[in-house]
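**Q** Got a structure for you, questions after.
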Amino acid sequence: MNADGERLQKVLARLGFGSRRVCEELIAEGRVTVNGDVAVLGRRVDVDGDDVAVDGAPVGIRPDLVHYLLNKPTGVITTADDPQGRPTVVEIVPSEPRVFPVGRLDADTEGLLLLTNDGDMTHRLTHPSFGVEKEYLASVEGTPSRAAIRQLREGVELDDGPTAKARVTAVDDSLLRITIHEGRNRQVRRMCEAVGHPVTRLVRTRIGPIVDRRLKPGEWRALSRDEVRSLEIAVGGQSDQRYDRHP
């Protein structure tokens, strides 16, 4: 046990899990682990090195962690630096502490993007084994038939292999809501093109539990503690069962 560091209940309280008394109860109930071991009252933690989880969901305890939500406009590159001098997403958010985009949206795609300096959360949000959902609205050429929508749901063959099952519904004649849990390059665009309906506009509207219909293109905000916690819960476990049923 770390004799230095901060008391675990103080750290959890700062992160929004409740008062110190409530956090002491969480620890006493065996719901908190540190480096894989069930924590006990009086435990101190190294916020820079220890791994803490509550109810099995990892918790970022470093005090300098930030999590930003950006509504990326078209023409902005999802990278920390662009040799061609094009505008990048990191130029929109504060420069300190330095953050990186979680995953990618191509230059022509709009919508929600997370930026953070939380490396563990970034790994879990982008690794396919954790199956975090991303939802898109896709305007496409033509009117997809029921057969085309069924094909998108069941998986289409791309040059890098078949896609996993997806959740797909027709919002309008040429507008689809598509939810995937993979993160391949330009995946939604390639899926739609594969069934004969190329995308004319693509907007990401949800990342796991995170949505914000009021955030305008080019605007950003910090995630609330509750939103960060919801992401931690979303990436707290692995699941290979996705979209066995479709609406």
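**Q** With each pseudo-label sitting 7 Å past Cα toward Cβ, what's the residue 64-residue 86 distance in nm, one decimal?
**A** Distance between the two pseudo-spin positions: 3.1 nm.
**Q** For the chain, what is the relative contact order in percent, using Cα pairs closer than 8 Å and at least 6 residues apart in sequence?
**A** Worked out over the chain, it gives 21 percent.
**Q** Extension gain residue 98-residue 160, at 0.36 nm per residue separation less the Cα-Cα distance, in nm?
**A** 19.0 nm
**Q** Helix 225-234 versus the longest principal axis of the chain: what angle, 0 to 90°, nearest 10, using Cα atoms?
**A** That helix lies at roughly 70 degrees to the long axis.
**Q** What FRET efficiency comes out for residue 37 versus residue 225 if R0 is 25 angstrom and r is the Cβ-Cβ distance? Round to the nearest 0.05.
**A** E(calc), rounded to 0.05, equals 0.50.
**Q** Provide the percentage of antiparallel DSSP beta bridges, counting only those with both residues in region 66-153; round to the nearest 5.
**A** 90 percent
**Q** Okay, moving on. Of the beta bridges DSSP finds with both residues in the chain, what % are antiparallel, to the nearest 5?
**A** 95 percent
**Q** Tally Lys and Arg at +1 and Asp and Glu at -1 over the other residues with C-beta under 12 Å from the C-beta of residue 174: what net charge comes out?
**A** -2
**Q** Something else now. Need the C-alpha centroid separation for region 84-159 versus region 191-230, integer Å.
**A** Going from one Cα centre to the other spans 8 Å.
**Q** What percent does the relative contact order of region 6-59 come to when contacts are Cα pairs within less than 8 Å and at least six residues apart?
**A** Answer for region 6-59 is 33 percent.
**Q** Nearest 0.05, what FRET efficiency do residue 4 and residue 193 give at R0 = 35 Å with Cβ-Cβ as r?
**A** 0.05
**Q** May I pose another question? Given R₀ = 25 Å, what would the calculated FRET efficiency be for residue 182 paired with residue 214, taking r from the Cβ atoms and rounding to 0.05?
**A** 0.35
**Q** Another question about this same structure. Please state the relative contact order of region 71-217 as a whole percent: Cα pairs under 8 Å, 6+ residues apart?
**A** 27 percent.
**Q** Students often get this wrong, so try it: which of (1) 38; (2) 43; (3) 34 is percent of Cα pairs over 29 Å apart as calculated from the structure shown?
**A** (1)
**Q** Then there is this: 222 nm [θ] for the chain, helices only, -39500 (n - 2.57) per DSSP H run of 4+, per residue, to 500?
**A** The helix-only estimate for the chain comes to -5500 deg cm²/dmol at 222 nm.
None of the figures in this text is laboratory data; all of them are computed from the coordinates on show. Everything numeric in this text was worked out from a predicted model, so none of it was measured. We place every Cβ from the backbone using ideal geometry, glycine too, and count neighbours over all the protein chains shown.
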